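Remarks on the structure that follows.
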């Protein structure tokens, strides 16, 4: 097998593996295993066809398109590893800031809502000093919590699109 054929087969595997949401070690292991399988297919086709370029083309055809391989390989990555790379991996970090701000808004909003709910459930009558908490802080807390949930959800969708798209 000459260098051009080796590079052609390696490039085919690299296209399938390059954007996988997996650790570097897992991608390297997948690359080695897939390249071994593709080389075995190439050897079979070369023995059958006796033409190197036809054997390369036929082996790649039998092996599958990089996009199809990528989707199958991505499904093989454990969700915990995928989530860890999503949060801690390299890439566009803007969505991570939205994620952090969303969580912070949820916690602060709930911090406003829970005392107001406690006042509503308390059997004692509501005094004028408690009215501010119910009329201003309770709605503010609900809005802040919903905003935080929206930011958190948007950031997660954005993060998954960044990784998978």
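The values are calculated or read from the model by the stated rules, or taken from the named source; none is laboratory data. Remember, predicted model here, so these are calculated numbers, not experimental data. Heads up, the Cβs are rebuilt from the backbone with ideal geometry, glycines too, and the neighbour counts pull from every protein chain shown.
Looking only at the range 20-36, how many residues end up being surrounded by 14 or more Cβ atoms within 10 Å (Cβ to Cβ) and either modelled with pLDDT of 85 or more or out of contact with any helix residue (DSSP H, G or I) (no Cβ under 8 Å at 6 or more places or on another chain) (or both)?
Restricting attention to the range 20-36, the residues satisfying the condition of being surrounded by 14 or more Cβ atoms within 10 Å (Cβ to Cβ) are 20-23, 26-27, 30-31, 34-35.
Now narrow it down to the ones that are either modelled with pLDDT of 85 or more or out of contact with any helix residue (DSSP H, G or I) (no Cβ under 8 Å at 6 or more places or on another chain) (or both): 26-27, 30-31, 34-35.
The number of residues fulfilling the criteria is 6.
List the helices (runs of 4 or more DSSP H) that sit entirely inside the range 4-112 and contain at least 2 residues that are under 30 Å from residue 153 (Cβ atoms).
Working: elements: 24-49, 52-63, 66-76, 79-88.
In the range 4-112, 24-49, 66-76, 79-88 are the helices (runs of 4 or more DSSP H) which contain 2 or more residues that are under 30 Å from residue 153 (Cβ atoms).
Of all the residues that make up the range 53-86, how many are in the same structural domain as residue 36 (by TED's automatic domain parsing) and at pLDDT below 75?
Looking only at that region, the number is 0.
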